[in-house]
Structures are given as structure tokens and as C-alpha cells.
Amino acid sequence: MEFRILKKSKRSKARLGILKTSHGEIETPSFVPVATQAVIKTLTSEEAKAVGCQILISNTFHLHLKPGEKLVKAGGGIHKFMNWDRPLMTDSGGFQVFSLGFGKDLGVGKISKINGLAKVLLGQQPQNIKITDNGVWFRSPINGEKLFIGPKESIKIQEALGADIIFAFDECTPPNANYEYTKKSLEKTHRWATECLKIKKSRQAIFGIVQGGKFKDLRIESAKFIADLQFDGFGIGGEFGDSKNLMLKMIDWVIKELPENKPRHLLGIGHPEDILKIIKSGIDTFDCVMPTHYARHGIAFIDNGRLDMNKSAFLKDKNPLDKSCGCAVCQNYRRNYIVHLLKAKEITALRLLTFHNLYFFNSLVEKIRNNIKNGKI
């Protein structure tokens, strides 16, 4: 993997770059859609290309469960398996430590209001997983069997899957973890990062992950530690407090400690209203389930907000989802038809909305790239 910075903004920390992999180049900044199980839900790989996706990220934990990395490797690796000839990332499984652990127990996300929630204290364990110094014991959501993933297991799974960029295994902490819990967790994440580098034998690029929760000193400590290791790039992960403003501060703390010549990926963040802000903060790539997740709930993103296509009022609306959108859905289908499909529970509605939403997100980031190029951002 090679990363080259083409231009730095004079107005912000935004930058244009080219991320080169064996499966092609990515213009950065870039949105990275989530293909959890080696697919963008409801779309083919050809359709993912048609909406402008440059790179996708798949989920190590879920692909380990089904179909299993051995089957994917036997199928020629994840690119051939899913018929995707563009770049791919795989996460490490570290997010599932949060989502299937304290996140599930408490019903919280990476950015959550924690007023009224009890603090997660040092030594406390989630109900459904067990976090140890060596890795994490999960229960399979499929059959309830116990399975263990640590640095060694995560890297071996990702090497078998064969994505261009892989991530070090880490613990994603909950937003209500106290300082002592977060500090102890960070020590594990740093130790695991070192182990991941030692274990990796493939030529895949590997990104280390900066953790530390909402605590400034821990974030800075983590950024410095991960930056000193021989990673090809960096992920900024974990929880981001209870507000978007705090998230931006946390990104700023981290960016200052990372080398400029390597790419920075923000894990799991990318609402439309956040995208310009995080790019101006110096982020090169970022992933988020929002466009696909919302599409499956009948929501379309448009230039001035969102449309809830579950509303019956749209049955009489002959307009496209967004008059200013150039996607194939907006060129060929109308709101009344999409509402009809949703109410008839036809899965084509979810496909049309997913196609449009991803086109919207990718076009939004393309506009931002052009504005950086032209000195407007």
C-alpha cells in the first residue's frame, strides 16, 4: 500500500490524497460503505460500483461465523468471493467487543448520552462476553457456542480473508467506562497492537487503532504509542463521548500526534452532518452503516435533509427522491412508487433506497474533494 498527499487545505486540516492498493487507487477523503458479510445489503457488487463506492469494509467477526475464513480463502479470497475488484478493508472484530458486550447490555452506541447510566468500573465484565488479557470469549449469535478471538486469531482470520487493509485487534470501550477501566483497557489494546504486528505474515497493509475513550491524556498517550509502531495507517476508534463537539475535540487530540504521511481512518462515524466536519479535522477515510441501515428503514437522504418514505402522503408525490440527484433511481423512479413498494413489503424498495443513499453519500464526499482541490475548504 502507498499513500500520497496531493494537497493540504490552507483553511482547515483537510487534505487530498491517493491511497494505492493492489486492487486499485482510492481518492481521499473517501467514504467507506460497510459490507458486513461481504455484501452491501440488497446490492450487487456491480451496483456498489455504479453508486461510486471506491472501497468497502467487511466484518471479520461475522465472516468468521459464516461462511468461515477457510471457505472464503478456498474461494480465491474475499475479492473473488464477492466479485469485487476494488480495494477492501476488514475490521478486527474489536467493535464486537463493544457491540456484543457493554453496548448490548446498556443499549448504548459510540456516541451516547450517559446521564443516569452507572459507570463501567475497573474489573467489570459484560453479561454475554468475557474480556481477558489475551483476548475475548464470545458466544456465537448463531448457535451459542463459545469462541475466542485475540490478536493472533483476528490477524489469522483477516489474512485468510485477504482484504487489502486489515486492522489490529482492540477493545472498543463503552461511553460510560470510568477512567480506571479505560486506562486498563488501553494497556490491553496497546499490547495487542504490538502482538498483531509480530503475528502478521502477509503483505496486507495493517492499521493500528487509537483508543482512550473521552479522556484527553489517554487519547494522546494512545496516539503516540500507536504512531511509534510500524503500522501502515491508523484507525481512530472507540467511543466518542456524549456529543459531536467532544468527538471533534478527540479527533484533534489524536491527529496532532499522528505522522502526516500515513492515512487516518475514523471507525464507525459518518452522518451527513458530520462528514464535512470530520474531513476538515484531517480524516482521510471513514466508514458508517448509516446510508444502508436507514435505507432498510425507509429513509432517503436528500440535499436538505431526510425523507421518511413510509409516509402515506408520498403516495401522491410524482417527484423523484431528490430532483438534484443524478443517480439511476432518481432518474427513473418516483416517490409514489417507492412508497407503494414499501407498503407492499417488496424488497425492491430497500434496494432502490440503498442505491440512492450510497450515491448521495459518495457524491457528497466527491463534492468535498473538489472543494478542497479548489481551495474552498
Worksheet item: For the chain, with every protein chain kept in place, what is the accessible area per residue (1.4 Å probe, Å²)?
Response: 44 Å²
Item to complete: When a/c is below 1.5 the answer is rounded, else prolate if a/b is larger than b/c, else oblate, so apply that to the stretch 251-333 with a ≥ b ≥ c taken from the square roots of the Cα gyration tensor eigenvalues.
Response: prolate
Worksheet item: Roughly how many percent of the accessible protein surface of the stretch 230-285 is carbon and sulfur, given a 1.4 Å probe and a whole-percent answer?
Response: 48 percent
Worksheet item: Which value, in Å² rounded to 10, gives the accessible area of residue 99 with a 1.4 Å probe and all protein chains present?
Response: 40 Å²
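Taking Cα pairs under 8 Å and at least six residues apart, what relative contact order does the chain come out at, in percent?
19 percent
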Worksheet item: Too long at a 20 Å Cα-Cα cut-off: which of 277/311; 323/367; 104/224?
Response: 277/311; 104/224
Worksheet item: Among 231, 225, what's the order by accessible area (1.4 angstrom probe), most exposed first?
Response: 225, 231
Discussion item. Longer than 20 Å from Cα to Cα, which of 66/188; 7/280; 73/156 are they? Say none if no pair is.
Written reply: 66/188
Worksheet entry | Sequence ranges 125-133, 64-72, ranked by mean other-Cβ count within 10 angstrom, highest first | 64-72, 125-133
Worksheet entry | Cβ-isolated cysteines (cut-off 4.7 Å), the chain | 53, 172, 196, 288, 327
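Please work out whether the stretch 208-275 counts as rounded, prolate or oblate from its C-alpha gyration tensor, where a ≥ b ≥ c are the square roots of the eigenvalues and a/c under 1.5 means rounded, while otherwise a/b larger than b/c means prolate and anything else oblate? Present the calculation step by step, with values, prior to reporting the outcome.
Working: a/c = 2.06, a/b = 1.39, b/c = 1.49.
Oblate shape, in that a/c is at least 1.5 and b/c is the bigger or equal ratio.
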Worksheet item: In the chain, what % of DSSP beta bridges are antiparallel (nearest 5)?
Response: 50 percent
Worksheet item: Most mobile of 197, 117, 307 per a Gaussian network model of the chain (Cα springs, under 10 Å)?
Response: 117
Worksheet item: Under a 1.4 angstrom probe, counting protein chains only, how are 369, 203 ranked by accessible area, largest first?
Response: 203, 369
Item to complete: Provide the FRET efficiency to the nearest 0.05 for the residue 180-residue 228 pair, computing r from the beta carbons and using R0 = 25 Å.
Response: 0.55
Practice prompt. Please give, to one decimal in nm, the separation of the simple spin-label points placed at residue 127 and residue 319, each 7 Å out from Cα toward the Cβ.
Written response: 4.5 nm
Worksheet item: Can you list the equivalent-ellipsoid semi-axes of the stretch 153-200, largest first and in whole Å, using the square root of 5 times each Cα gyration tensor eigenvalue?
Response: 25, 12, 6
Practice prompt. Beyond 26 Å between alpha-carbons counts as too far, so tell me which of 49/256; 130/214; 41/200; 13/184 fall in that bin.
Written response: 49/256; 41/200; 13/184
Worksheet entry | Length-normalised contact order for the stretch 1-142 - Cα pairs under 8 Å, 6+ apart - percent | 16 percent
Item to complete: Would you compute the Debye intensity of the stretch 285-336 from its alpha-carbon atoms alone, equal scatterers and no solvent, and pass along log10 I(q)/I(0) at q = 0.24 Å⁻¹ to two decimals?
Response: -1.01
Worksheet item: How do 280, 256 rank by accessible surface area computed with a 1.4 Å probe, from largest to smallest?
Response: 256, 280
Discussion item. Given the options 272, 324, 16, identify the residue whose Cα lies farthest towards the positive end of the charge dipole of the chain (+1 on Cβ of Lys, Arg; -1 on Cβ of Asp, Glu).
Written reply: 324
Practice prompt. State, to one decimal in nm, how far the label point of residue 310 lies from the label point of residue 297, with both points 7 Å from Cα in the Cβ direction.
Written response: 0.8 nm
Discussion item. Shape verdict for the stretch 158-244, please, from the Cα gyration tensor: rounded (a/c under 1.5), prolate (a/b greater than b/c) or oblate.
Written reply: prolate
Worksheet, complete the sentence: Of all DSSP beta bridges having both residues in the stretch 164-320, the percent classed as antiparallel (nearest 5) is 25 percent
Item to complete: For the chain, go through all pairs of different Cα atoms, get the mean of 1/r, take its inverse, and jot down that Kirkwood value in Å.
Response: 21.2 Å
Response to the item:
Expected max-MSF residue from 150, 326, 233 in the GNM of the chain (alpha carbon, under 10 Å) is 326
Discussion item. Helix 216-227 against the longest principal axis of the chain: what's the angle in degrees, Cα atoms only, rounded to the nearest 10?
Written reply: 90 degrees
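The values are calculated or read from the model by the stated rules, or taken from the named source; none is laboratory data. Model, not experiment: these values are computed from the prediction. Note that we place each Cβ from the backbone using ideal geometry, even for glycine, and neighbour counts take in every protein chain shown. Ligands, DNA and RNA are stripped out before the accessible areas are found, and what is left, the full protein with its side chains, is counted by its heavy atoms. Shrake-Rupley method; radii C 1.70, N 1.55, O 1.52, S 1.80 Å.
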